[in-house]
1. Take segment 113-139 and flag every residue that is crowded, with 17+ Cβ neighbours inside 10 Å and farther than 21 Å from Leu28 by Cα.
2. Every residue in segment 113-154 that is within 15 Å of the ligand (Cβ to nearest atom), more than 17 Å from the chain's Cα centre (by Cα) and of a type in the set (Val, Ile, Thr), please.
3. Of the residues in segment 1-10, how many are surrounded by fewer than 23 Cβ atoms within 10 Å (Cβ to Cβ), within 11 Å of the ligand (Cβ to nearest atom) and either in a helix (DSSP H, G or I) or not small (Gly, Ala, Ser) (or both)?
Amino acid sequence: MPRIAVYPGSFDPLTNGHVDIILRGAKLFDRIIVAVLTNAEKTPLFSVDERLAIIRETFTDSPNVEADEFSGLLIDYARDKHASVIVRGLRAVSDFEYEMQMALMNRHLQPAVETVFMMPAEQYTYVSSRLIKEVVALGGDVTGLVPDGVQARLASTARLSSQKRTSKP
Ligand code: PNS
């Protein structure tokens with residue numbers, strides 16, 4: 001039986017911290033499905049299709065990394081995909097409480113699926129999608145913190161919003 005893992009999240013946007021976790025997972029599991037939650041935020045920076053495209057182009061050289069979308073209960077999605085593992089990244093103690101609650105709720109719902117926590121490389125422990133969006137919106141540089149595909153798209157998003165700010169109606 002192939003060992004299938006699901007790595008769920010919003011990935012708005014994918015960061016190098018996510019990439020680090022996915023590459024670690026790809027070494028441990030036969031398949032790792034990066035599953036984008038479709039109904040998370042009302043006003044996401046990137047559409048689900050863009051987020052899937054970013055994941056696919058970032059992992060073109062990793063044949064056991066797949067991108068997919070899901071809605072509803074994660075545990076139902078994991079069952080449909082025959083996944084026995086949910087992967088989550090833990091950056092700091094502050095992540096722990098929320099992650100523990102989710103892992104235990106998912107275990108309550110489906111004891112056969114195990115949550116596995118992995119730590120990203122130290123240089124990404126402060127990186128989050130939320131902070132990336134904030135820094136970019138305020139004109140800061142996130143080089144080295146997000147994959148190239150994200151960086152390019154963020155640059156055009158920043159250009160668009162600065163155009164909106166400067167152009168007269
Ligand atoms: O990257 P995020 O936003 O921290 O990911 C959160 C995610 C997608 C893992 C979580 O919100 C989730 O699993 N949502 C699906 C709904 C669900 O199953 N809820 C009960 C889990 S305790």
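1. Scanning segment 113-139 gives Val127, Ser129, Ile132, Lys133, Val136.
2. Of everything in segment 113-154, just one residue is within 15 Å of the ligand (Cβ to nearest atom), more than 17 Å from the chain's Cα centre (by Cα) and of a type in the set (Val, Ile, Thr), namely Val113.
3. Quick first cut of segment 1-10, residues surrounded by fewer than 23 Cβ atoms within 10 Å (Cβ to Cβ) only: 1-4, 8-10.
With within 11 Å of the ligand (Cβ to nearest atom) added as a condition, the list becomes 8-10.
Going one step further and asking which of them are either in a helix (DSSP H, G or I) or not small (Gly, Ala, Ser) (or both), we end up with 8.
The total comes to 1.
Every read-out reported here was derived from the displayed coordinates using simple, explicitly stated rules and does not represent laboratory data. Note that the structure is a prediction, hence the values are computed from the model and not measured. Because the Cβ atoms are built from the backbone with ideal geometry, glycine has one as well, and the counts that use them run over all protein chains shown.
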